[in-house]
1. Within the range B:101-112, work out how many residues are more than 7 Å from chain A (Cβ to nearest Cβ) and either buried (at least 18 other Cβ atoms within 10 Å of the Cβ) or touching a residue at least 40 places away in the same chain (Cβ under 8 Å) (or both).
2. Could you list, in sequence order, the residues of the range A:184-203 that are acidic (Asp, Glu) and in contact with a helix residue (DSSP H, G or I) (Cβ under 7 Å, 6 or more places away or on another chain)?
3. Looking for something part of a helix (DSSP H, G or I) and buried (at least 18 other Cβ atoms within 10 Å of the Cβ) - is there at least one such residue anywhere in the range B:172-182?
4. Take the residues in the range A:89-109 that are aromatic (Phe, Trp, Tyr) and at pLDDT 90 or above, then tell me which one is surrounded by the most Cβ atoms within 10 Å (Cβ to Cβ).
5. Residues of the range A:269-283 being in contact (Cβ under 8 Å) with a residue 60 or more places away in the chain and of a type in the set (A, V, I, L, M), which ones?
6. Contact list please: Cβ distance under 6 Å, first residue in the range B:68-84 and at positive phi, second residue part of a loop (DSSP other than H, G, I, E, B), pairs at least six apart or on different chains.
7. How many residues does the range B:147-157 hold that are surrounded by 17 or more Cβ atoms within 10 Å (Cβ to Cβ) and over 15 Å from B:ARG194 (Cα atoms)?
8. How many residues, within the range A:184-195, are at the interface with chain B (Cβ under 8 Å from one of its Cβ atoms) and over 17 Å from B:LEU105 (Cα atoms)?
Amino acid sequence: MKRLLFLTAAIAAPFVFPTIAQRNLLILIAINVILVASLDLLMGTAGLLSLGHAGFMGIGAYASALLVLHYRLPFPLALAAAAAAGGIAGLFIGYPSLRLRHHYFVLVTFIFGIILTLLFTSLVGITRGPMGLPGIPFAAIGVPGAGRHTFNTFQSKVDYYYLVVVVAAFVLWLRGRLWRGRLGFALVAIREEENLAMAVGIHTHRYKVLAFVVSTAIAGAAGSLYAHYTTFISPEVFTFVDSFNLFVMNMVGGAGTPAGPVVGPLLLTIVRDALRNISPVAAEIAFGVFLIAAIAFLPVGLMGALRRPGVRGG
Amino acid sequence: MPVLEVEHLTKFFGGFRAVADLSFVVEHGEILGLVGPNGAGKTTTFNLITGFIPPTAGRIRFHGEDVTGRPPHEMAHRGLVRTFQNTKVFAQLTVEDNIRTGCFLQLPRGMRATMLGLSAAEEAALRTRVDELITFTGLQSHRKTVAQDLSYGDQRTLEIAIALGADPRLLLLDEPFAGMSRGEADRCMALIHRTRERGVTVLLVDHHMDTLMKHCHRLVVMHHGEKLAEGPPEVIRADPKVIDTYLGGRVDA
């Protein structure tokens, strides 16, 4: 019932908010929902925090953009390749670093995120460095009979918005199902008591790596969706600050709650946009304040405060 | 064939010798007590047997197979499951979900069950198993209680229920009676006896010699990481070395 409500609202949104700026914001919200939902796969179950998530998003964005630019790969394939790239990077980072527990792991993801930003900046031959990659083809989905779309028509934005919503709905669905499978059992057990989890036969490292790879693959896909929407990417949109903002959205919405990854991005993407029009610095300060407020007053987030989080998400 | 064979097990932490050349066997269907004062190396021995730490030297065989240095989850998979000295449960989960998680090894395998959840039939089978364990351990009235809200004694019972979920062949209990009232300890011991009757061999660690004397088939007495004595309670009770070092001097009859 609640899910139906969300879905109806998501479908109706571009007609309620028809201006270019509003539709632009809707697409960014939907992309953030995907990112926060993927982050919450780790946070909301195992309590694992990745502070390098924007880096994995960046890997997907660059992989997808470069494949389309240089090899004229069709967008759906590029999207899949971006997910693969994010997942493979996640495997390489997650396998060694998930041997560490708690804040040691957070530290590794934080450092990795910074290294990635440096790589995006310094590998000028591939990424064009700080100049960024312009001219990424806009992935218009195109409704049959609706004619050719260009980036700036309302119509194409609505198409793209629905594409992102479909991906977001899929990710949220997958997240709900993951909670109920072996992986969900394992991750919750790891959060609650890792040694006991091992003692009852859970190969904790394997399940943490699996969850991390799924999470980073989704982040990679989100990067592709972002790149082929904005048609321009540069290292400064995949920084630690972006990772941190995703974390704040997850905390404010409520980690491990069914609707948290929708509510957090919805609220904070709008707030951030409004504040950015005043001053970009104000937006960052506000996010810091939101995080402190969330931890102090709403440790289970907005959605968690409304309803105690189901321990297995049920 | 013995369930567990410990051969010349030795563990050094830096220069400190926690366990030294310890050998004993656990026979099928018995309750073996591992006893000794605090610091005798009992918990270290547990951690070595269950793969939580690797031994410096020595072998561990489980059902004849060399399992030395294998990781804990693999030990559990082979049927060797432990509890912890300082009670460990999944604190924020209900009793029911704690036991469900304990049944992890019984969950169906494969991509679908891992990523997308259980089918209705699998869910029903799991529920049956959890119900049986709740009844067996007498936790019926606490099914929906969050583990951290349980009394201490009930938490320890839950620990055993979680461990039984993994379907152990050998259950290792690390000081299950610590901090329990007399009544709780008696109920816990009765549960351990019922567990044995299910066909589970039990290795029990404690420092209360009298409790173990009363309930174990055999005892292994440890002192400063070494084995002091091994045998049935009546032999241990009469062993001069045990009397000297552990029971506090010879008592003349």
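The values are calculated or read from the model by the stated rules, or taken from the named source; none is laboratory data. What you see is a predicted model; the values in this text were computed from it and never measured. Ideal geometry is used to build each Cβ from the backbone, glycine not excepted, and the neighbour counts take in all protein chains shown.
1. At the first step, the residues of the range B:101-112 found to be more than 7 Å from chain A (Cβ to nearest Cβ) are B:103, B:106, B:108-112.
So of that shortlist, the ones also either buried (at least 18 other Cβ atoms within 10 Å of the Cβ) or touching a residue at least 40 places away in the same chain (Cβ under 8 Å) (or both) come out as B:103, B:106.
The number of residues fulfilling the criteria is 2.
2. Of everything in the range A:184-203, just one residue is acidic (Asp, Glu) and in contact with a helix residue (DSSP H, G or I) (Cβ under 7 Å, 6 or more places away or on another chain), namely A:GLU194.
3. As a first pass, look at the range B:172-182 and keep what is part of a helix (DSSP H, G or I): B:182.
Remaining after also requiring buried (at least 18 other Cβ atoms within 10 Å of the Cβ): none.
No, the range B:172-182 contains no residue that is part of a helix (DSSP H, G or I) and buried (at least 18 other Cβ atoms within 10 Å of the Cβ).
4. A:TYR95
5. The first filter runs over the range A:269-283 and keeps only residues in contact (Cβ under 8 Å) with a residue 60 or more places away in the chain, leaving A:269-270, A:273.
Matches in the range A:269-283: A:ILE270 only.
6. Taking only residues 6 or more apart or on different chains, the pairs are B:GLY69/B:PRO54; B:GLY79/B:PRO168; B:GLY79/B:ARG169.
7. 6
8. Within the range A:184-195, residues that are at the interface with chain B (Cβ under 8 Å from one of its Cβ atoms) and over 17 Å from B:LEU105 (Cα atoms) number 1.
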